[in-house]
Structures are given as C-alpha cells and as structure tokens.
Amino acid sequence: MPDQQLFEKVQQVRQQLNTVIRGKEEVLKLLFAALFAEGHILMEDVPGTGKTTLAKALALSVSAEFSRIQFTPDLLPADILGSSIYSPKDGTFFFRRGPVFTNLLLADEINRASPRTQSALLEAMNERQVSIEGREIALATPFLVIATQNPIEYYGTYPLPEAQLDRFAVRLSLGYPDEASELQLLRDRKRTDPLDAVRPILTCEEIRRIQEEVRAIELENSLAEYMMTLIRATREAPEIRLGASPRALLMLSRCAQASAWLNNRSYLKPDDILPLIQPVLAHRLILTLESRHSGISSASVLEGIMKRIRVPV
C-alpha cells in the first residue's frame, strides 16, 4: 500500500488545486500521474482556460524551484540552457545556468519557438541532463516540464516534431468549465486571486519517495500483455503511418502504476490503464495523409483499437 502520510498529502494538494481550477478533477489526476511517473505534460487548449494558472498552482504546492519560459520566435537555445559569460574582472569565462536548471519548468506557448530552440529541451526531457560545451550537466530531481500550446492558432507557430511529442507522457486539455464551476470561478476571484492562498505541501524529497513507490507497483502479466497488444496494434493500423514507440509502452505502464498509487493501491487494475490510453498515446500517432484528408483523428483510431482488444478481467 502507498505510504499513507504521503497519500494524504497528495490529497491535500489535489484539494488545494481544486480551489484554483474548478471542476477538473480528472485533469488533475492525469497531472499527478505524469508527475509521479517521471513524465512530462503537454497542455493543449484555447487561451484563457487556465493552463498557466494550473502550472503555477502546482509549483506553489511543492517546495521546489520553478522557472517559466515564454517561448517566442526569437528565443535561442542558450536562453533555455544557459551560456558562458566573459568576466572582464579576471579575464575568464563562467557558466550562467539557464531556466532549465529547475524542478518544474513551464514552457509557455512552446510551439511559438523555432524547431532549433524546441530541440534544446529534447535531451533534458529524456535524460534529465544537458550537454553544453562538451560537458554533461545533470538536472535537478524531480524535473517536470509542463508545456502549453494553442491548437487553433497557427500564425507564427512551429508544429512540435514527432521526437519531442514522444517525450511528453500525456497530452491533456482543460476545456471550458461547466456552468456551476465557471460561476464559482467568478466568485472566487471577486476580491482575491486563489493563487495567493496556495501554500507548499509536498517537498521534492517526498515526490522522489512517491516515484519510488510507483515503480514498485505490481504489474500482472495479463495487463502487461494487454498494453503491449495495444501498442503493437497502433503500428499495424492502416490509418497510422507511425505507431506508438517502445517509449510509449513504458510511459503507459508507468502512468498506470501512478494511477494505481493515486487510487491507494499497490497493484494495477484495468481501470488504471483504460483512462490513460488516449492521453498517453493519441499525440504520439502520425496518421497517413489519406486518413488526415478523410477527417480521421488519432483518437478515433485508438477508440477502434480499444474496442477490438479484449480487456483482461
């Protein structure tokens, strides 16, 4: 069973985030599943739905370092990683670390930067290190990237390359709140900003301990085979040009383990896997040109695959 003291602290953080982003409990669960699975998050939604606010609220709920980068077309890799600075006082160079050296990095509007700048994050997201001037420098742990992008605005944007999309554990969308939640949001902000009341509850060390517990969650062979069958089916579907990678299988498994932990269990059930299939896999699939021209989506192809494959009981 999960450490009950840690489990209760996570529930407190979820309750705290619920006061900032109303009516999005399932999104918050995905957020924590990715964090505890040591994955990264891509939030794709229209402006004004609370993407940046949610990232800030999570950062304030953890005693950790937080950095934000506003991605723009003129942003350079050195603006993310850091660079060597000349010191005229002693005639030497010293390395000034960039904002990537943090625990939680908010990459706001990531698709506004050029592909060259976007690629500066690839090594950091996958290997938790950066290579600068022939040196490999390890990043802090935990290290989480929350990237945001607007899916309907294309002017001045650069689509994320497949290699980078594959490094995001989940893609999620906040969407518009329901009527009751939106009315409560209006009342919450009548006099103050709910972010002002957010306080640190979890520490980095506690997050590392949760991540260790997640890795120890039991995975039955039948569930492992079910996930592998799903992944392989995406590679064989005629509508898909590029199916899910082995990294996708590993991330689906780890996120499912994190979901079991969040459900206060030390073993997996199918209910831990099924809600994660779309958020973990859909953004990794590349459709054929014919499928895209026909209006077929990755989500609909996945839905068909899920219906064909028997779920273990």
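Assorted remarks:
- Residue pairs whose Cβ atoms lie under 6 Å apart, separated by 6 or more positions or on different chains, with the first residue in segment 80-102 and in contact (Cβ under 8 Å) with a residue 24 or more places away in the chain and the second polar (S, T, N, Q), are 95/84; 99/67; 102/67.
- Candidates 44, 38 - the one that is at pLDDT 90 or above and either of a type in the set (Asp, Glu) or not assigned by TED's automatic domain parsing to the domain that holds residue 183 (or both): 38
- Of the strands (runs of 3 or more DSSP E) entirely within segment 1-90, those holding at least 2 residues that are surrounded by 19 or more Cβ atoms within 10 Å (Cβ to Cβ) occupy 41-44.
- Qualifying residues in segment 117-136 (those that are farther than 25 Å from residue 35 by Cα and in contact (Cβ under 8 Å) with a residue 40 or more places away in the chain) - the one surrounded by the most Cβ atoms within 10 Å (Cβ to Cβ): 132
- Residue 291 being buried (at least 17 other Cβ atoms within 10 Å of the Cβ) and under 23 Å from the mean Cα position of the chain (by Cα): no
- Boolean, residue 213 is closer than 22 Å to residue 104 by Cα and acidic (Asp, Glu): yes
- Within segment 235-265, the only residue that satisfies the criterion of being polar (S, T, N, Q), on the phi < 0 side of the Ramachandran plot, surrounded by fewer than 18 Cβ atoms within 10 Å (Cβ to Cβ) and in contact (Cβ under 8 Å) with a residue 12 or more places away in the chain is 245.
- Complete set of residues in segment 98-108 that are closer than 20 Å to residue 34 by Cα and part of a loop (DSSP other than H, G, I, E, B): 100, 101, 102, 103
- Selection of helices (runs of 4 or more DSSP H) fully inside segment 251-293 by the criterion of at least 1 residues being basic (Lys, Arg) returns 289-293.
- Residues in segment 194-222 that are under 27 Å from residue 267 (Cβ atoms), touching a residue at least 40 places away in the same chain (Cβ under 8 Å), in a helix (DSSP H, G or I) and not hydrophobic (A, V, I, L, M, F, W, C): 7 in all.
The values are calculated or read from the model by the stated rules, or taken from the named source; none is laboratory data. Note that the structure is predicted; figures quoted are calculated from it, not measured. Using ideal geometry, Cβ is built from the backbone for each residue, glycine included, and neighbour counts are taken over all protein chains shown.
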